[in-house]
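Written below as structure tokens is the structure these notes are about.
The values are calculated or read from the model by the stated rules, or taken from the named source; none is laboratory data. Everything numeric in this text was worked out from a predicted model, so none of it was measured. Every residue, glycine among them, receives a Cβ derived from its backbone with ideal geometry; neighbour counts consider all protein chains shown. These area figures cover heavy atoms from the full protein model, side chains too; ligands, DNA and RNA do not enter into them. Shrake-Rupley method; radii C 1.70, N 1.55, O 1.52, S 1.80 Å.
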Amino acid sequence: MIRIVMSGAGNMGRQIMTAIESAADLELVGALDGLSSESSVDIGGREVPLSNSLAALAEWSPDVVIDFSNAEWTEQLIPAAVNADVRPVIGTSGLSDDVVADAERRVNEAGLGGVIAANFALGAVMMMHLANIAAPLFDSVEIIEQHHDGKVDAPSGTAVATAQSMRAARDSDFTRNEAERHNVEGYDSRGAELDGASLHSVRLPGLVAHQVIVFGGNNETLTIRHDSMSRASFIPEILRAARAAPDLDHLVIGLDRLLGLRTD
């Protein structure tokens, strides 16, 4: 049995906990939520211990902590997990490059395993993989990411990771159109720019997680799209990462590396 603590007891966290409870080889031993004052959370009729203190990691002695919370909490969670010999599986969005680099150093120096991924949907990973194949062949690209209106960061971590990964695949910036005039003062409707790629964020009720990558070429475009219709689409690969973490001796950054789509 792999002992797991869930970090983040919101909608996503509760869905993950329900999946853990249903898995024969996983044991849910507790949940963390820095914003909660409750002492337990009901998961499938069982009262699971809930704490707002990271000290509970040492008390509960899990093998793995799965984190879907917020960037500020995650930044504190990672060193606490490593100090308690707990392997982190991180899906929280909005982590800075410095936080990821620090997590990699801490986990690797401790000889632990772990996974950080911008997106745990299999289709999203395949979308990024296919985009990396196309990136060296097209000079221009735009990314439109769409999420529910409760998402606190923009652009999404997946959009940023997609742009960075495509830039690495082509080894040069994309060519980007710059508007000569902006008709709404103080606002660049061309979106954010990263490595020559334009990134656009949509936040609306009714959405879950969606991304469109549009490449522009000579009298043609190529569109790669992924849609998560429900948070349930993330669950299988989250559990895959949790099962893999105890057998790893380093931090794996990106689900594509965990799946063997990348070996660097």
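Using a 1.4 Å probe, what is the accessible area per residue for the stretch 1-121, in Å²?
42
Pop out the ³J(HN,Hα) list for the stretch 79-92 in order, Karplus 6.51 cos²θ - 1.76 cosθ + 1.60 with θ = phi - 60°, rounded to Hz; leave Gly and Pro as x.
Those phi angles translate into x, 5, 5, 4, 5, 9, 6, 10, 8, x, 10, 10, x, 5 Hz.
Short version: ³J(HN,Hα) in whole Hz for each residue of the stretch 255-262, in order, from phi by Karplus 6.51 cos²θ - 1.76 cosθ + 1.60 (θ = phi - 60°), x for Gly and Pro, what are they?
Karplus-based 3J(HN,Hα) across the stretch 255-262 equals 5, 4, 5, 5, 7, x, 6, 10 Hz.
Using amide H atoms built 1.01 Å from N in the peptide plane, name the residues 5+ places from Leu32, or on other chains, whose amide H lies under 5 Å from its own.
Amide H to amide H, under 5 Å and 5 or more residues apart or across chains, Leu32 pairs with Met6, Ser7, Gly8, Ser51.
Based on DSSP H runs of at least 4 residues, each adding -39500 (n - 2.57), what is the mean residue ellipticity at 222 nm of the chain after dividing by all its residues, to the nearest 500 deg cm²/dmol? Intermediate values should be presented prior to the final figure.
Working: 8 runs with 85 residues, N = 264.
That comes out to -9500 deg cm²/dmol.
So how much accessible area does Leu112 have, in Å² to the nearest 10, using a 1.4 Å probe?
The value for Leu112 is about 10 Å².
Report the accessible area of Asp249, computed with a 1.4 Å probe over the heavy atoms of all protein chains in place, in Å² rounded to the nearest 10.
100
I need the per residue convex hull volume for the chain, using only the alpha carbons, in cubic angstrom as a whole number.
Values: hull volume 37.2 nm³, N = 264.
Here the figure is 141 Å³ per residue.
Using protein chains only and a probe of 1.4 angstrom, how many square angstrom of Trp73 are accessible, to the nearest 10?
For Trp73, the solvent-accessible surface is approximately 30 Å².
Taking amide hydrogens as modeled 1.01 Å from N in the peptide plane, which residues meet the under 5 Å criterion relative to Leu26, leaving out close sequence neighbours?
Ile2
Which order, highest average first, do 48-54, 19-25, 142-148, 163-169 follow once you tally other Cβ atoms within 10 Å for each residue and take the mean per peptide?
Numbers: 48-54: 17.1, 19-25: 14.6, 142-148: 21.0, 163-169: 18.7.
Taking the mean over residues of other Cβ atoms within 10 Å, the ranking is 142-148, 163-169, 48-54, 19-25.
Would you mind checking which residues have amide H under 5 Å from Phe138's amide H? H placed 1.01 Å from N; only 5 or more apart, or other chain.
none
Put a dot 7 Å past each Cα toward the Cβ at Asp188 and Asp97; how far apart are the dots in nm?
1.7
What are the ³J(HN,Hα) values, in whole Hz, obtained from phi via the Karplus relation 6.51 cos²θ - 1.76 cosθ + 1.60 with θ = phi - 60°, for each residue of the stretch 7-21 in sequence order, with x given for Gly and Pro?
9, x, 10, x, 4, 5, x, 5, 5, 5, 4, 4, 5, 4, 4
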